[in-house]
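K.L.:
First, the structure itself, so that you have it in front of you.
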Amino acid sequence: VRPPIRVLITGAAGQIGYALSSLVGHGELLGKSQRVILHLLDVETATEPLNGLKLELIDSALPLLTDVIATTNPTEACTGVSIAIMVGGFPRKAHMERKDIMAMNGSIYSKHAYALEKYACKGCKVVVVANPANTNAVILSQCAPSIPRKNITCLTRLDHNRALGQVAAKLNIPVNVVKNVTIWGNHSSTQYPDVNHGCANGITIRNAIRDDNWLDNEFVSIVQQRGAAIIKARNLSSALSAASSVCDHIRDWVLGTPPGHWVSMGVISDGSYGVPEGLCYSFPVTCKDGDWNIVQGLDIDARSRQKMDDTARELEEERRLAQDYLQS
Ligand code: NAX
């Protein structure tokens with residue numbers, strides 16, 4: 001029997017944490033035969049709901065869940081973890097400027113980076129969910145230089161899954177026969193959802209849908225604005241779908257993507273596709289043996305190029321704000 005793996009969820013008392021911890025306990029993160037110990041971290045003001053979550057997890061009697069540690073101490077939370085899911089953060093409020101939100105998250109992510117670097121297992125895999133997810137990942141990577149850059153990622157799988165869902169709905173086919181869409185860039189409304197290399201039921205998405213106008217305009221804006229549509233409908237941001245996508249992101253990273261399939265992950269750019277090095281940018285990736293690699297050699301048309309550059313520019317601007325904070 002394999003030993004249990006320690007999985008950290010920060011911001012665990014929030015709504016994504018609530019949905020995610022149960023999915024992890026059901027084996028959706030690391031497979032149905034891998035036992036896990038959940039490390040749940042939140043801030044002191046959230047102690048009661050955090051403990052309430054622990055009680056509910058105990059009551060769920062999940063065979064794969066060996067133990068639950070609920071804590072407000074980052075050192076205890078990070079000790080011995082092999083997977084770190086960073087959901088905790090300070091969301092942007094209407095009155096806040098981007099530089100203020102960057103400073104709040106800079107302070108959180110530099111502290112968490114320090115605790116992970118010092119106390120997590122060597123080789124710990126990190127996914128940042130909290131917004132601005134891409135730039136929080138850059139901050140974390142800069143503040144934890146001993147964690148390999150390849151181990152620090154951000155979540156754009158929810159956007160990827162939203163794109164798959166839209167194509168499947170348009171064609172009235174099951175979502176699992178749609179593959180190889182790509183989310184390029186930032187997890188924000190400047191992201192570029194790209195179907196140019198995707199397939200549905202074995203034919204290209206463009207040939208299957210036969211409506212370039214819809215694909216180039218409405219589809220792109222539905223995916224870019226989906227987060228806002230969920231907030232309008234629920235009066236709360238996406239939680240169930242975000243939690244489910246986190247599991248997809250980590251499971252594929254650890255266990256591998258199926259042959260011929262790629263997924264979207266925010267990863268630290270190595271300069272592929274002309275994306276400035278060091279930005280955390282969403283690319284198409286394949287995963288094998290616990291490692292991801294950017295899919296190379298895709299044809300990029302002029303329209304796509306422009307959208308990929310626009311979202312890179314936004315990320316550079318975010319990185320500048322983060323840099324200002326880190327140097328202050
Ligand atoms: P909630 O506000 O419900 O939960 C956030 C939790 O983080 C709270 O319990 C809070 O106390 C905790 N927290 C704050 N500072 C902390 C710290 N220093 N240490 C530990 N915990 C801390 O938000 P929720 O709806 O769960 O969303 C969490 C984050 O995910 C937000 O930043 C949100 O914008 C982001 N999202 C990112 C998505 C993505 O695809 N990358 C999609 C979903 C979501 O919008």
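The values are calculated or read from the model by the stated rules, or taken from the named source; none is laboratory data. All values reported here derive from a predicted model rather than from experimental measurement. Glycine gets a Cβ as well: all are built from the backbone with ideal geometry, and neighbour counts include every protein chain shown. Note: accessible area is taken over every heavy atom of the protein model, side chains too, but ligands, DNA and RNA are not part of it. Shrake-Rupley method; radii C 1.70, N 1.55, O 1.52, S 1.80 Å.
K.L.:
Calculate, in nm to one decimal, what GLU44 and ARG98 gain on full extension: separation in residues at 0.36 nm each, minus their alpha carbon distance. Please report the intermediate quantities before stating the final value.
P.N.:
Details: separation 54, 0.36 × 54 = 19.44 nm, distance 2.56 nm.
Full extension of this stretch gives 16.9 nm more.
K.L.:
Quick check for you: with a 1.4 Å probe and neighbouring chains kept, what is the accessible area per residue of region 212-308, in Å²? Intermediate results must be reported in sequence, preceding the final value.
P.N.:
On the way: 4510 Å² over 97 residues.
With the other protein chains kept in place, region 212-308 gives 47 Å² per residue.
K.L.:
Shifting gears a bit: Using Cα atoms only, what is the angle between the long axis of helix 302-327 and the major principal axis of the chain, expressed in degrees (0 to 90) to the nearest 10?
P.N.:
So the helix axis and the longest Cα principal axis differ by about 30 degrees.
K.L.:
If you average the alpha carbon positions of region 3-23 and of region 196-241, how far apart do those two centres end up, in angstrom?
P.N.:
28 Å
K.L.:
Largest first and in whole Å, give the semi-axes of region 10-53's equivalent ellipsoid, each being the square root of 5 times a Cα gyration tensor eigenvalue.
P.N.:
22, 9, 7
K.L.:
Just name one of ILE209, VAL177, THR153: the one whose Cα is farthest towards the positive end of the charge dipole of region 149-230 (beta-carbon charges, Lys/Arg +1, Asp/Glu -1).
P.N.:
It is THR153.
K.L.:
Per residue, how large is the accessible surface of region 109-187? Use a 1.4 angstrom probe and give square angstrom. Please report the intermediate quantities before stating the final value.
P.N.:
Details: 2780 Å² over 79 residues.
Heavy-atom accessible area per residue stands at 35 Å².
K.L.:
To the nearest 0.05, how large is the calculated FRET efficiency for LYS32 and VAL175 if R₀ is 30 Å and r is the Cβ-Cβ distance?
P.N.:
On the way: r = 21 Å, r/R0 = 0.70.
Plugging the Cβ-Cβ distance into 1/(1 + (r/R0)^6) gives 0.90.
K.L.:
Follow-up. LEU23 to LEU298: FRET efficiency via 1/(1 + (r/R0)^6), r the Cβ-Cβ distance, R0 51 Å, to the nearest 0.05?
P.N.:
Details: r = 31 Å, r/R0 = 0.62.
For LEU23 and LEU298, the calculated efficiency is 0.95.
K.L.:
Take peptides 151-159, 305-313 and line them up by average Cβ neighbours within 10 Å, highest first, as a rough protection proxy.
P.N.:
Details: 151-159: 27.4, 305-313: 17.1.
Ranked by mean Cβ neighbours within 10 Å, highest first: 151-159, 305-313.
K.L.:
Just the Cα atoms of region 23-170, one point each, no solvent: what log10 I(q)/I(0) does Debye give at q = 0.10, 0.15, 0.18, 0.19 Å⁻¹?
P.N.:
Taking Cα atoms of region 23-170 as identical point scatterers yields -0.40, -0.88, -1.18, -1.26.
K.L.:
Here is a further query. Semi-axes, largest first, in whole Å: what does sqrt of 5 times each Cα gyration tensor eigenvalue give for region 1-92?
P.N.:
Details: eigenvalues 83, 37, 28 Å².
So the equivalent ellipsoid measures 20, 14, 12 Å along its semi-axes.
K.L.:
When all C-alpha to C-alpha distances in region 156-238 are sorted into bins of 10 Å, what percent of pairs does each bin hold, rounded to whole numbers?
P.N.:
Pair shares across the bins are 19, 52, 25, 3.
K.L.:
If you don't mind, there's one more thing I want to ask. Round to the nearest 0.05 the FRET efficiency obtained for THR66 and LYS118 when R0 = 25 Å and r is the Cβ-Cβ distance.
P.N.:
So the FRET efficiency works out to roughly 0.55.
K.L.:
P(r) of region 58-102 in 5 Å steps, Cα pairs, percent per bin?
P.N.:
Result, from short to long distances: 5, 13, 18, 15, 16, 13, 9, 7, 5, 0 percent.
K.L.:
Indicate, rounded to the nearest 5 percent, the antiparallel portion of the DSSP beta bridges found entirely in the chain. Please report the intermediate quantities before stating the final value.
P.N.:
Values: 20 of 43 bridges.
Beta bridges within the chain, antiparallel portion: roughly 45 percent.
K.L.:
Now a separate question. Across the chain, where is the longest run that never hits GluC sites (Glu not before Pro) in a DSSP loop with at most 16 other C-beta atoms within 10 Å?
P.N.:
Working: sites that count: GLU97, GLU277.
Answer - 98-276.
K.L.:
Taking 7 Å along the Cα-to-C-beta vector as the label spot, tell me the LYS232-GLN327 distance in nanometres, rounded to one decimal.
P.N.:
4.1 nm
K.L.:
Please tell me which of these pairs span more than 21 angstrom C-alpha to C-alpha: LYS170/LYS307; LYS118/LYS150; LYS99/LYS150? Don't skip to the end; give the middle numbers.
P.N.:
Details: LYS170/LYS307 23 Å; LYS118/LYS150 18 Å; LYS99/LYS150 27 Å.
LYS170/LYS307; LYS99/LYS150, as the Cα separations exceed 21 Å there.
K.L.:
OK, next. Per residue, how large is the accessible surface of region 7-91? Use a 1.4 angstrom probe and give square angstrom. Please list the in-between numbers first.
P.N.:
On the way: 3470 Å² over 85 residues.
I get 41 Å² per residue for region 7-91.
K.L.:
Amide H of MET265 versus every other amide H placed in the peptide plane: which residues, excluding those fewer than 5 positions away on the same chain, fall under 5 Å?
P.N.:
PHE283, VAL285
K.L.:
Just for the Cα atoms in the chain, what are the lengths along the principal axes, largest first, rounded to whole Å?
P.N.:
On the principal axes, the chain reaches 52, 47, 39 Å in Cα extent.
K.L.:
Then there is this: Give me the percent of accessible area attributable to carbon and sulfur for the chain, probe 1.4 angstrom. Present the calculation step by step, with values, prior to reporting the outcome.
P.N.:
Working: 7630 of 14690 Å².
Of all accessible area on the chain, carbon and sulfur atoms account for 52 percent.
K.L.:
Calculate the dipole size of the chain relative to its Cα centre from +1 charges on Lys and Arg beta carbons and -1 charges on Asp and Glu beta carbons; express the result in debye to the nearest 20.
P.N.:
Dipole about the Cα centre, nearest 20: 380 debye.
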